[in-house]
1. Looking at the stretch 30-47, which of its residues are without any contact (Cβ under 8 Å) to a residue 60 or more places away in the chain and either under 21 Å from LEU299 (Cα atoms) or open to solvent by less than 40 Å² (accessible area, probe 1.4 Å) (or both)?
2. Among ASP51, ASP74, which is the only one that is modelled with pLDDT of 95 or more, surrounded by fewer than 15 Cβ atoms within 10 Å (Cβ to Cβ), part of a loop (DSSP other than H, G, I, E, B) and out of contact with any strand residue (DSSP E or B) (no Cβ under 7 Å at 6 or more places or on another chain)?
3. Among the residues that make up the stretch 269-291, is at least one of them closer than 24 Å to LEU49 by Cβ and open to solvent by 10 Å² or more (accessible area, probe 1.4 Å)?
4. Is the stretch 375-394 home to any residue that is within 15 Å of the ligand (Cβ to nearest atom) and out of contact with any strand residue (DSSP E or B) (no Cβ under 6 Å at 6 or more places or on another chain)?
5. Looking for whichever is hydroxyl-bearing (Ser, Thr, Tyr) and farther than 30 Å from GLY556 by Cα here; the options are THR334, THR277. Which one fits?
6. Does GLU672 satisfy the condition of being surrounded by 16 or more Cβ atoms within 10 Å (Cβ to Cβ) and over 26 Å from the mean Cα position of the chain (by Cα)?
7. Is it the case that some residue within the stretch 147-157 is more than 30 Å from PRO253 (Cα to Cα), surrounded by fewer than 22 Cβ atoms within 10 Å (Cβ to Cβ) and touching a residue at least 24 places away in the same chain (Cβ under 8 Å)?
8. Across the stretch 594-620, what is the total count of residues that are among the polar types (S, T, N, Q), in contact with a helix residue (DSSP H, G or I) (Cβ under 7 Å, 6 or more places away or on another chain) and part of a helix (DSSP H, G or I)?
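The values are calculated or read from the model by the stated rules, or taken from the named source; none is laboratory data. Please read these numbers as outputs of a predicted model, since none were measured by experiment. Using ideal geometry, Cβ is built from the backbone for each residue, glycine included, and neighbour counts are taken over all protein chains shown. Just the protein is used for accessible areas: all its heavy atoms, side chains included, with ligands, DNA and RNA removed. Shrake-Rupley method; radii C 1.70, N 1.55, O 1.52, S 1.80 Å.
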Amino acid sequence: MSDDTTPTDRPDRPDRSEAPLHLSRGGVSLVLGRDAGGIPVVLHWGAALGDLDDAALTAIMAARQPGAARSSYDLPRRTGLVPDGTRGFSGTPALAGHRVGGSARAATPSLVDWVVDVADGSLTCTSTDDEAGWEVQVELGLDDAGLLHARTSVTNTADGDLHLASVLTALPVPARAGELLDLTGRWCKERTPQRHPWVQGTHRRDSRRGRTGHDATLLMVAGTPGFTFGRGEVWAVHTAWSGNHTTYAERTPEGECLLGGGELLSPGEVVLAPGETYDAPRLLCSWSGAGLDPLSHRLHAHLRAVTPRARGERPVIANTWEAVYFDQSLDRLTELADVAASVGVERFVLDDGWFLGRRADTAGLGDWTVDPTVWPEGLGPLVDHVTGVGMEFGLWVEPEMVNPDSETARNHPERVLRGHADPPITWRHQQVLDLQDDGAYADLREALLALLDGLDIAYLKWDHNRDLTDATHDGRPAVHGQTLAAYRLLDELRAAHPALEIESCSSGGARVDAEVLARTDRIWPSDTIDPLERQHLQRWTSLLVPPELMGSHVGGPTSHTTGRTHALRYRAATALLHWFGIEWDMTSLDEAGLTELGSWIALHKQVRPLIGTGTLVHPDHPDPALMVTGVVAADRSEAWYVVATVGATDTQHPAPLRVTGLDPGRTYRLTEELPPPPGGADLTDAWSADGAELPGRLLHEVGVALPVLDPEEARVLRVVAVD
Ligand code: GLA
């Protein structure tokens, strides 16, 4: 992990007195004190603070004690761990609910007496308001990479139902974080950054789509103004949830600055019976003193650890969607499989179009049996052929959806998830299967297990192509329950088939979050594989997702989603440092074309060991037309960089590239891995015929010249330590 803080890790130390508690791991510290009323207060979340004795910790508490303001509450102002109005906080209360016919006290609890336990490196803070009937627990823990995990849970401790309206988790950040970065987007343009000064008020990014959303921000980042991938102090939170959720930044006139998030609950959606508990989504909170890259490394380390089949090397995929769409037949696909195997593809994924009645996107969803008109002998012959030529087989499914034109919808209209609109408005001709309907869930589970039991399937591409903005089950809002049911289904299929890998796709990148990635092996960031769009959206998706968990495919020369045409070099270089795949009718290529494609696959396989274990870096470059993406081996002995232009460079000669991520004390040999493109400027002229040998410190501090680059051109650089 590259960071500008001195690692000062030390074991977590339990509280021995009234002194604040100090957790420190992975270059990050969290200090939790108590205000005069005993309410837990986060005093510091950020740079590791080193060894602090009780005297020092008590001194921090005293030194950070604010006074009371004029014309304000007569108490020193501190934001409690659970921000609420009972201590004068005027921003968004973390907790809200009600009891039908119950006391107004139930609307928000008054949490005064807190018990704080320290165990296994995390703090558990618990408080109960007996009159309101709320028991609230906030868990805070730092993992080995310094990522802070925060989660709030609520238990109903009184008689009668407790209707929850809001359970948010929020962390204070310093006021010097004066600029916000969040992401938005749409289909085929996911993860567009938006930056602005962090002014007073609340900047909320809500997703009410019943799925994570193409526009889901992934992170809410606050940082010192002007922060970049390599510079500035930054804090960020991610709300780990695939249903309706919010992620927000709030700055009050009193001076509080908070980053927070939680599930967006509709009235009546979560009702706790006496004794029941609601666990809010986990908030993943990352800090860095050296820009966005180290902040992402902490998140990447976590996702690498929780992703079910986390492993170093991912098989090169051929996906049939943009190759054949619905034009499926055994002959056509075995021919494609043969070509794929010949160029080095390792997994062949049959996309949409194989199941009952699915001749177009208007019918068939819900009927997960093989269509006998297209596949008279079933999928067995194709699977045998694919495995016979040495590849694994993968299959597309969209389990949560149903077409009105399907046996499932005709036989069980009650299984279609409904809201106010009845019948529900179709979206791409489809509606949603109500996974909280026991029969619907059981039949779906059985159909998927039958496929997995009957065929040698290594991988499912699991799609979800519709928003759920109007959905009820048993007269109550349904997104919470639908989300949990989808998680359960994924968990049960995995338990039955532990070697199965799953891709999370949702019309491209509408289901990208840490909770789905705890159950799936990769995400599909977008339906656009236009490399120009991908240069942008992969960069911003990687704020959260490590490169090897992000699918990136080489499409045909002309993009199906944008109509732009790009050379193979640009398309392949854009996919090179991710989970690499091909989505192109390779049977249309001549021998020279196949050889060139095969050489890119071979190059990817050469870099691949680093991609899944190394660190991802985005060296800053002053020219906005130039994007540099690199992966550096964990021991910093080797690194690969893709230098790509996303437009015409501002200057004819781009500024030198400052190569980041390397060991300043070692010497490296820098080479351009491929010959320049036809007509392209020769990079090696700028150095020497054999590349350049330079200390890591100079590569970073002084940088190396780049060639004159055309718009939408890519170069691949390799750096290897020579000492
Ligand atoms: C979605 C996916 C695509 C493809 C199609 C098939 O749009 O994102 O990759 O699988 O569905 O219908």
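1. VAL31, GLY33, ASP35, VAL41, LEU43, HIS44
2. Only one candidate qualifies: ASP51.
3. yes
4. No.
5. After applying the criteria, what remains is THR277.
6. Spelling it out, GLU672 is indeed surrounded by 16 or more Cβ atoms within 10 Å (Cβ to Cβ) and over 26 Å from the mean Cα position of the chain (by Cα).
7. Yes, that holds for at least one residue.
8. 0
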